[in-house]
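The values are calculated or read from the model by the stated rules, or taken from the named source; none is laboratory data. Please read these numbers as outputs of a predicted model, since none were measured by experiment. Cβ atoms come from the backbone with ideal geometry, glycine included; neighbour counts cover every protein chain shown. Just so you know, the surface numbers come from the protein's heavy atoms only, side chains and all, with ligands and any DNA or RNA stripped out. Shrake-Rupley method; radii C 1.70, N 1.55, O 1.52, S 1.80 Å.
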4 protein chains.
Amino acid sequence: MTSGVDTDTQTTGGWLTRDELDAARERLPIVYVDAVPVQLDASGTLQCVGLLLRASGKGGISRSLVSGRVLYHERIRAALLRHLEKDLGPLALPRIPASPQPFTVAEYFPTPGVTPFHDPRQHAVSLAYVVPVEGDCQPADDALELSWFTPDEARSEAVLAEMTGGQGTLLLQALAHLGF
Amino acid sequence: MTSGVDTDTQTTGGWLTRDELDAARERLPIVYVDAVPVQLDASGTLQCVGLLLRASGKGGISRSLVSGRVLYHERIRAALLRHLEKDLGPLALPRIPASPQPFTVAEYFPTPGVTPFHDPRQHAVSLAYVVPVEGDCQPADDALELSWFTPDEARSEAVLAEMTGGQGTLLLQALAHLGF
Amino acid sequence: MTSGVDTDTQTTGGWLTRDELDAARERLPIVYVDAVPVQLDASGTLQCVGLLLRASGKGGISRSLVSGRVLYHERIRAALLRHLEKDLGPLALPRIPASPQPFTVAEYFPTPGVTPFHDPRQHAVSLAYVVPVEGDCQPADDALELSWFTPDEARSEAVLAEMTGGQGTLLLQALAHLGF
Amino acid sequence: MTSGVDTDTQTTGGWLTRDELDAARERLPIVYVDAVPVQLDASGTLQCVGLLLRASGKGGISRSLVSGRVLYHERIRAALLRHLEKDLGPLALPRIPASPQPFTVAEYFPTPGVTPFHDPRQHAVSLAYVVPVEGDCQPADDALELSWFTPDEARSEAVLAEMTGGQGTLLLQALAHLGF
């Protein structure tokens, strides 16, 4: 959920000022989407999972899923497409799922420990989808890099330790949903 | 989604004033839950579906699912339980699903026709669950009556015609998810 | 499930003779897959559903999903790919789902009325998946034609009346899963 | 999948002799169900997971899920109920899921390594469900004991090491599906 700040600055436009959004975030759960970018072989078997590398506020780095807010009057699938294109570049060719059923719903709470998911800025209810990506990904926006990991690499301690806010748990849930 | 007005008056309390909520509703998608109350036999087979009868604003009646807002810092499963107890009474014994995965997500738009779901008051993103009910249901709050319908009755033209805002479509999606 | 006879003649090879398969079909539930071919737009929204046109035994025609048996030591996703390539041709480019979770399980019973699904030859337990198709489809094998229908056309009385064995119900369940 | 031998001896009755079943198992995938027994609180939150303790063939012990074959002309939900009652006793009050959609499908192969799931006796395609249990469980049949584990205990190395055939992976997939 580290992409939220930049995202909102760029995209809210006529929807909500930064102050208004901040106020709403203290009062209402905010609708989010989380996308797990994957590469599949011809039989649909998972080959690798894509994680964004970002500079974290404190000079370190973190790895994250594609994540962001759903805007007023925006379809969930449009929000998925928008955030995927923003983070993976315009040639990524994401295959947005046909069904609105997410594989899970991640409830990010401002208070740590209520759920496995934590976002200090807000209470976000995030619909999580696995999204096959077939084109060329080029990290865009504030992402430094997009790295692909095999399922075994993705669930390694080293990779999970670089994820924050519970996204490591969400990644493991996605892998489980895919049979890994 | 007809229960929203009364719900919010009663429950927002310290969260959001009516005016603030109205303002937010014009700017942000609001997180909702929809619950389809069902009765099952010992093998889990659907026996009947519960629909609330309400007086609609125009002097007519309408039938609806259990539906309402998720509050700030409220778990989805707590919101489900709260709305089910409010509408079905304290002895309904709803069996809240163990998994956070909804059977679908209904996107209610203030503009008709964008999706099958419409709510003139707001853009609501509603997580929809089937909830088995094992106790005694007593319509509470603003519901006049709770009626149980067999799957065939529930999908009849007569019943579907009494549902508004696309909830008839959501009911059919629930029945399909249950194998009907 | 009309494709089973031809399928098995061609593919059982070293697995099972026709007589042995017939004997097993009277004693064991048989593992099947059902695939609903779909075309999506860039945001994943359903554009149309593909149905096969076949000559039915009695001189009539019927429309059907892509359906067939899972062989001994065959992965479900390999069976999906095999049946889709057989029925839609080698250039169809089906996107086999990444997750093994089917949208439903259709239980075809030899006795009509036990479930909505009926197959006079056998008790088949069929895992049902929606499969986006991105290439050129050319009806192959015993299919006369592949036709694409919008969601509204697909759920029309006329189309559903041409489907047998409960596949019309399965088609409606697939549409419901996709938000229609 | 360790319960299969005893199960089939007891239940096949008029369906299939032991020899015939053995022959079929070398030729056809066999339809199975796996059930993960769980205890939930009033809001549906997972409290604990039930695992059966069995004597394994080699003098050791193993822990397993409730698992068994679907018989000819048997509904999946009837098979779930039968295996749960056999393993947990007649007073367990399992709540069979209303929807036929499993949370995953485990493909047990006779050859290790094809999938995470392995059964030396057969190729089994197992539909996996989470089943809340509300009554008193008494290990029955060949199970020595039923033990309840918190989610953290259930995913511990110690417990997973006592599970065979990939059921540890299936248990983790169930926990992930439940948000853990």
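Restricting A:LEU28, A:LEU52 to those that are modelled with pLDDT of 95 or more and closer than 20 Å to A:PHE117 by Cα reduces the list to A:LEU52. Got at least one residue in region D:96-108 being more than 21 Å from C:SER99 (Cβ to Cβ), open to solvent by 30 Å² or more (accessible area, probe 1.4 Å) and modelled with pLDDT of 95 or more? No.
Among the residues of region A:57-91, those that are more than 15 Å from the chain's Cα centre (by Cα), of a type outside the set (D, E, K, R) and more than 18 Å from A:GLN122 (Cβ to Cβ) comprise A:GLY59, A:GLY60, A:ILE61, A:HIS73, A:PRO90, A:LEU91.
When C:ALA161 is tested against (1) within 25 Å of C:GLY44 (Cβ to Cβ); (2) out of contact with any strand residue (DSSP E or B) (no Cβ under 6 Å at 6 or more places or on another chain), exactly one condition is not met: (1). Annotation note: Cβ proximity below 9 Å between a residue of region D:156-180 that is within 11 Å of chain A (Cβ to nearest Cβ) and a residue that is among the charged types (D, E, K, R) and assigned to a helix (DSSP H, G or I) (sequence gap 6+ or interchain) occurs for D:PHE180/D:ASP152. Within region D:111-123, residues that are at negative phi sit with their Cβ atoms under 8 Å from residues that are hydroxyl-bearing (Ser, Thr, Tyr) and in a loop (DSSP other than H, G, I, E, B), at 6+ positions apart or across chains, in these pairs: D:HIS118/D:THR111; D:HIS123/C:TYR72. Could you please find all residues in region A:108-127 being within 17 Å of A:GLY68 (Cα to Cα) and over 13 Å from the mean Cα position of the chain (by Cα)? Correct list: A:PHE109, A:PRO110, A:HIS118, A:PRO120, A:ARG121, A:GLN122, A:HIS123.
Looking across B:LEU175, B:LEU171, B:LEU146, B:LEU160, one residue alone is open to solvent by 20 Å² or more (accessible area, probe 1.4 Å), under 15 Å from the mean Cα position of the chain (by Cα) and either within 24 Å of C:LEU175 (Cα to Cα) or modelled with pLDDT of 95 or more (or both). It is B:LEU160. Go through the residues of region D:31-40 one by one and say whether even a single one is within 11 Å of another protein chain (Cβ to nearest Cβ) and modelled with pLDDT under 80. Checked against the condition, which is being within 11 Å of another protein chain (Cβ to nearest Cβ) and modelled with pLDDT under 80, region D:31-40 yields no hits at all. Among the residues making up region A:83-141, those that are among the charged types (D, E, K, R) and either over 26 Å from C:ASP41 (Cβ atoms) or within 14 Å of chain C (Cβ to nearest Cβ) (or both) are A:GLU85, A:ARG95, A:GLU107, A:ASP119, A:ARG121, A:GLU134. Can you tell me how many residues in region C:124-157 are farther than 26 Å from D:PRO100 by Cα and touching a strand residue (DSSP E or B) at 6+ places or on another chain (Cβ under 7 Å)? Qualifying residue count, region C:124-157: 11.
Checking D:ARG155, D:ARG121 one by one, the residue that is open to solvent by 60 Å² or more (accessible area, probe 1.4 Å), closer than 20 Å to C:VAL125 by Cβ and either out of contact with any Asp or Glu (no Cβ under 7 Å at 6 or more places or on another chain) or at pLDDT 95 or above (or both) is D:ARG121 and no other.
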